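Working notes, beginning with the structure itself.
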Amino acid sequence: MDVSPAEHRALISELEHLISEERNPNTMEIDLLPTAEVLRAINREDRSVPDAVGKVIAEIARAVDRIVDAFGKGGRLIYMGAGTSGRLGVLDAAECPPTFSVPGDMVVGLIAGGADALVRAVEGAEDDAEQGVGALKGIGLTQKDVVVGIAASGRTPYVVGGLTYAKALGATTVALSCNQESAIARIADIAILPVVGPEVLAGSTRLKSGTVQKLVLNMLTTASMIRLGKCYQNLMVDLKPANVKLMARAARIVMLATGCAAEQAQEALKRTDNDVKLAILMTVTGVPIEEAKLTLRRAGGFLRKAIARSI
């Protein structure tokens, strides 16, 4: 993309002030190291990532509460990003329906450049702020939705454009960036800023920055689904057993939750058309299927509450 010399200098100056673009003093000699030492250097740097997440738990919690509230009102969680950030958002969104039995459009992932950008770089797509706006218009963004803009640098035009539009529309906006002073943080209602410092390779934000983004996205959806009653104790009880492995996992979850044998778990799943929650509720309480369905519905889908009401 053609830019003027002045614009080029301004961008260089902007990047110089981003910690994610700085050189890491711990890895200045990494090109001289043998393979095992290269890997140890990467591993040492990766150890800082969980600590960075721990420092922004309060902001993540605020975002989760807004997401749960949005889901309760029929809203969606929408991720948008470019490159690695966009791919991570699409990945997290894609994993929600099979993991938690939610509709396919409840968590949406948008990436600059569209579907092609998932497998190959689409040069210049992230520089188009209007593409970010168009992506949100294309899915019919409403005030009920939560938009999470993901950008390690915090300055990606695609994300800036999308968050600006979402904010103006009245949707809840969340920024996820690895730099304290970032454009998207200034726009968003909630700014999640886990700072992991300079990368092992300067500017390669698919490393620590990508890892910390993945951890935060895991937290956003997992905690939100827990708050919606998608687990029992620490068991994933709203999964869709759509293949042989997941059928075995569903049976094992019923066994762990109830203490029953494999044959009883399989029979309960067969009677409930592979509904893990119903299978557990019926096995624990002995109630017939229609009563179990009604009890679970009255408990808002929370299995603990349904069991307590049936015993």
| Ratio of Rg to Rh over the stretch 232-310 (Cα coordinates, Kirkwood Rh, two decimals) | 0.93
| Diffusion constant of the stretch 216-263 at 25 °C, which comes from Stokes-Einstein with the Kirkwood Cα-pair radius and 0.890 mPa s, µm²/s | 209
| remark: Lys and Arg at +1, Asp and Glu at -1: neighbours of Leu215 with Cβ under 12 Å from its Cβ sum to -1
| said: Exposed loop sites here are GluC sites (Glu not before Pro) in DSSP loop states with at most 11 other C-beta atoms within 10 Å. What is the longest stretch of the chain lacking them? | reply: 124-311
| field | Rg and Dmax [Cα atoms of the stretch 68-158; Å; Rg one decimal, Dmax integer] | value | 12.9, 38
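For the chain, which DSSP H helices look membrane-span-like by this rule: Cα extent along the axis of 20 Å or more and mean Kyte-Doolittle of at least 0.0?
Span-like helices here: 57-72, 83-100, 208-227, 244-258.
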| said: Given points 7 Å out from each Cα along the Cα-Cβ axis, report the Glu95 to Ala115 separation in nanometres with one decimal. | reply: 2.2
| task | Mind pulling the per residue volume of the convex hull built on the Cα atoms of the chain? Å³ is fine. | result | 162
| said: Given points 7 Å out from each Cα along the Cα-Cβ axis, report the Gln233 to Ser48 separation in nanometres with one decimal. | reply: 4.0
| said: Under a crude label model (7 Å from the Cα following the beta-carbon direction), how far is Asn26 from Glu290 in nanometres? | reply: 6.3
| task | Run a plain Debye calculation on the stretch 158-311 (Cα atoms as equal point scatterers, no solvent) and give log10 I(q)/I(0) at q = 0.09, 0.12, 0.14, 0.17 Å⁻¹, rounded to two decimals, same order as the q list. | result | -0.48, -0.70, -0.78, -0.89
| message | Using the Cα centre of the stretch 232-310 as origin and beta-carbon charges of +1 (Lys, Arg) and -1 (Asp, Glu), tell me which of Ala299, Thr285, Ala265 is placed farthest towards the positive end of the dipole. | response | Ala299
| request: Sort 208-217, 152-161 for me by packing, meaning the mean count of neighbouring Cβ atoms within 10 Å per residue, highest on top. | output: 152-161, 208-217
| task | Just need log10 I(q)/I(0) for the stretch 48-227 at q = 0.17 Å⁻¹, Debye formula, equal scatterers on the alpha-carbon atoms, no solvent, rounded to two decimals. | result | -1.00
| request: For the stretch 22-121, would you read off the P(r) tail past 18 Å as a percentage of all alpha carbon pairs? | output: 66
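Every read-out reported here was derived from the displayed coordinates using simple, explicitly stated rules and does not represent laboratory data. Every value quoted in this text rests on a predicted model; they were computed, and no experiment measured them. Methodologically, a virtual Cβ is constructed for each residue, glycine included, from the backbone with ideal geometry; neighbour enumeration extends over all protein chains shown.
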